[in-house]
Amino acid sequence: MLRNVILLGICIGSATSVPILYQANPESFHRLSGMVTGSAPQEESRIETVQRIGRGGGPVSNPSARKVSLEADGRGHFLGEFRINGRAVTAMVDTGATVVAMNLSTARRAGISVGPKDFRHKVTTANGEVRAAAATIATMQIGRIAIDNVEALVLEDKALSGTLVGVSFLNRLSRYQVENGTLMLAQ
């Protein structure tokens, strides 16, 4: 188990450097950390059974759908308004991240309790080696899509400024795909 967590951590290492990109673009950084919400979608066309999520992370249509569509922002990133254990969290979908990764502040807001002794896993990131705590998210949602018992890593706030939705969530869906600047999630 420890070996798997370490390997997973190494795989998300490059993904944890993404917050550096957001620091260069304050608007995207604030959107990722949940400080900017709800910009208007650029188009109204939709697939009937799909809930579209606009550039600001808010839903655009059909809240009863079991599919969600996220539009890429200006930098090509897919941001969405997720719920982690019932708490709203703006997160970026990262297909290169093996697990969901969040900072300690977000974990605490979502009721995930980790203490100093839990940070025993070493994760190599673009910013160097950091310690991480393995955690399990009881329920992670976007729109009407809900996945229980999602593996996650918690990093110190200085190591990760937001939340990355990795493959530990995505692989639990029936499918996900990117086409024409839109990420489709289906359960």
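Cut-off is 10 Å between beta-carbons; in what order do S105, S174 appear when sorted fewest neighbours first?
Listing S105, S174 from fewest to most nearby Cβ atoms yields S174, S105.
Dipole magnitude of region 67-118 about its Cα centre, charges +1 at Lys/Arg Cβ and -1 at Asp/Glu Cβ only, in debye to the nearest 20?
Values: 7 positive and 5 negative charges, 52 e Å.
Taking the Cα centre of region 67-118 as origin, the dipole is about 260 debye.
Using the number of other C-beta atoms within 10 angstrom as an exposure proxy, rank T163, T139 with the fewest first.
Numbers: T163 24, T139 14.
Going from sparsest to densest Cβ surroundings: T139, T163.
For region 95-105, what does the Karplus curve 6.51 cos²θ - 1.76 cosθ + 1.60, with θ = phi - 60°, yield as ³J(HN,Hα) per residue in whole Hz, taken in order and with x for Gly and Pro?
Coupling constants for region 95-105: 5, x, 8, 5, 10, 5, 10, 9, 7, 4, 4 Hz.
Values in this text are rule-based calculations from the coordinates and carry no lab data. In this text, all values refer to a predicted model and were calculated from it rather than measured experimentally. We place every Cβ from the backbone using ideal geometry, glycine too, and count neighbours over all the protein chains shown.
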